[in-house]
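Taken together, the values in this text are just the output of simple stated rules run on the coordinates, not laboratory data. The structure displayed is predicted, hence computed values, not measured ones. Note that we place each Cβ from the backbone using ideal geometry, even for glycine, and neighbour counts take in every protein chain shown.
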């Protein structure tokens, strides 16, 4: 298992960069996260998003002085504060680093290297992949809560307690470039990719109107300086809305995408978010015989219990009917 | 990379087992999860746990008829309902399966195989590991939210909305053996371990008073039938309270533990929960130069944003001071 030893990651400085923050108030999650994010792995105005607090109310709140320390939603405590979540992210990124070395070695000795981008006409039950030929190798990452933790925005949102606001999020994209930190492990895995001459490409649902600021945020976090429409693809660059397949296709036209990293299933294929896909079917799809082999071996998932397509479903969607328990002590 | 192909996991039937449930009401997480679980990766009565609802209140609620469909806390939607969390669990377990094959191959060809159990006197900054000699190989797993998802209990708890109740949890251990499902990937990884003659050992903070019922729950989920004090270790079997190091030491006396799996840092070492360890220090510790290499290569972390030591910390603990953002539009 020499492969397991191939990546001497240096984390001394990095160890200080883990504890960062992002959150949507917990109540937003169960109530609207589903509609809010279904089909969108990243930030997007939901039809029923909380509105901005009226200015009068804000002025009154300001006059009332600073509020008590906000309560931190559990999902945010976990993702941004815990060693457990940091270990989970680091685990995924170290697996990625080893995988990148393996694939670049395969290419170096002349073996065919497979792409992990689904080809047009694929289904989740019968996936096919685009050909690589001798295209240069690339790693494709989502940005928010995959490469970057949106510390400043979410800290501000948690403090306000008013929920997600797409207008404030847009101002964050434009001005928040220094309020981010890399996800634990991202810095080292991306360094491994660059040393192995693997292009690092970002595919995000941030707006392409803010391309330069998003590139600056990525660069400021030490993840390199991506070039818009080559190594940085954003909402509006290709295809409709927040679907990422059209952008993935453009990336795959130029690069042999050997690995993808994300915190949402839409970071791997839009098929997971096909209209009418039930929660149980969506959860079952990732475990299908053809796809399951990809997790940790080309598709790398990161945790995000704070927002996104993972936070949806009512009681009867989430709980199967065949596993009920009757407390012998009774009670309602 | 033939290793990546070594594990043909069959998931057709398994794909239906993913959508299960467990939850503590969201508000419980941020408010009390820290105190509640610090030093305890599993279920234990917290000093400030919600009390049972008074019988009169329950009778009144019963008289009032069935309540509206409960709201599902976001962490539970994520862990028990989402494809994202299922992919994350499957990713960890497939990495484990490959790792087990690699280690058992090393042993088979006569190479020394390292233990992943910390030796007495270790620190997180300077870990040392117990010697393996020629002891039989073993895989050590936590039970709750690592091997098993506690569907029945948590579904009942979510319906009640009254929070964690240690007395009800004890009744669950005694009578809930059929209301569980394996975590996505656990069934296949454990099958790989058994095929490779690697002992499968469970180290849980369930009570040793309920050993036979916990063994039945594990067996009923298809994970094999563990033997108490050999391949099943529970709270009360060795050492004080919910610390697991004493039990790990007993397991390591007999077995060469090549891998450990858990959803809490205490499933790997009690050192992470040393009294007075701050949140940032705890998060930084997992990324230390000596330990980080273990994640996914001996220590395998699984997601749990629903309860446990990952859910703790106030606003100033979780948010670093150097990443604030001032919205140019102002507002409180």
> How would you rank A:316, B:317, going from fewest to most other Cβ atoms within 10 Å of each one's own Cβ?
Replying inline: A:316, B:317
> Can you list, shortest first and in nm, the gaps between the label point of residue A:209 and those of its counterparts in the other copies, using a point 7 Å from Cα in the C-beta direction?
Replying inline: 6.3
> So how far apart, in nm, are the two label points at residue A:105 and residue A:57 if each is 7 Å from Cα heading toward Cβ?
Replying inline: 5.8
>> Once R0 is set to 56 Å, what does the formula 1/(1 + (r/R0)^6) return for the Cβ-Cβ distance between residue A:274 and residue B:112, expressed as a FRET efficiency to the nearest 0.05?
In response: 0.65
> Taking segment B:126-243, how much of its Cα-Cα pair set, in percent, is spaced more than 22 angstrom apart?
Replying inline: 38
> Once the Cβ-Cβ distance between residue B:228 and residue A:69 is put in as r, and R0 is 30 Å, what FRET efficiency do you end up with, to the nearest 0.05?
Replying inline: 0.10
> What does the average come to when, for each residue of peptide A:157-168, you count the partner chain Cβ atoms lying within 10 Å of its Cβ?
Replying inline: 2
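May I ask you to sort A:94, A:260 by Cβ crowding, counting other Cβ atoms within 10 Å and putting the fewest first?
Arranged by neighbour count, lowest to highest, A:94, A:260 become A:94, A:260.
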> In what order do A:177, A:146 fall by count of nearby beta-carbon atoms within 10 Å, going from fewest to most?
Replying inline: A:177, A:146
>> Testing the spin-label approximation: label points 7 Å from Cα along Cα→Cβ at residue A:329 and residue B:329. State their distance in nm.
In response: 4.9
>> How large are Rg and Dmax for segment A:219-293 when calculated on the C-alpha trace, in angstrom?
In response: 14.4, 40
>> With the label 7 angstrom out along Cα to Cβ, how close does residue A:240 come to the same site in each of the other copies, in nm, nearest first?
In response: 6.4
> Extent of segment B:204-332 along each principal axis, from alpha carbon coordinates, in Å, largest to smallest?
Replying inline: 62, 31, 27
>> How long are the semi-axes of the equivalent ellipsoid of segment B:86-149, taking √(5λ) for every eigenvalue λ of the Cα gyration tensor, in whole Å from largest down?
In response: 23, 19, 11
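Regarding segment A:74-307, what whole-number volume in Å³ per residue does the convex hull of its Cα atoms give?
Each residue corresponds to 125 Å³ of Cα convex hull volume.
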>> So the label point sits 7 Å from Cα along the Cα-to-Cβ vector; using that for residue B:167, what distances do you get to the other copies, in nanometres, sorted shortest first?
In response: 5.2
> Out of the DSSP beta bridges found with both residues in segment A:74-307, what percent are antiparallel (nearest 5)?
Replying inline: 15
>> Counting only other chains, and only Cβ atoms inside 10 Å, what mean value do you get across the residues of A:90-97?
In response: 6
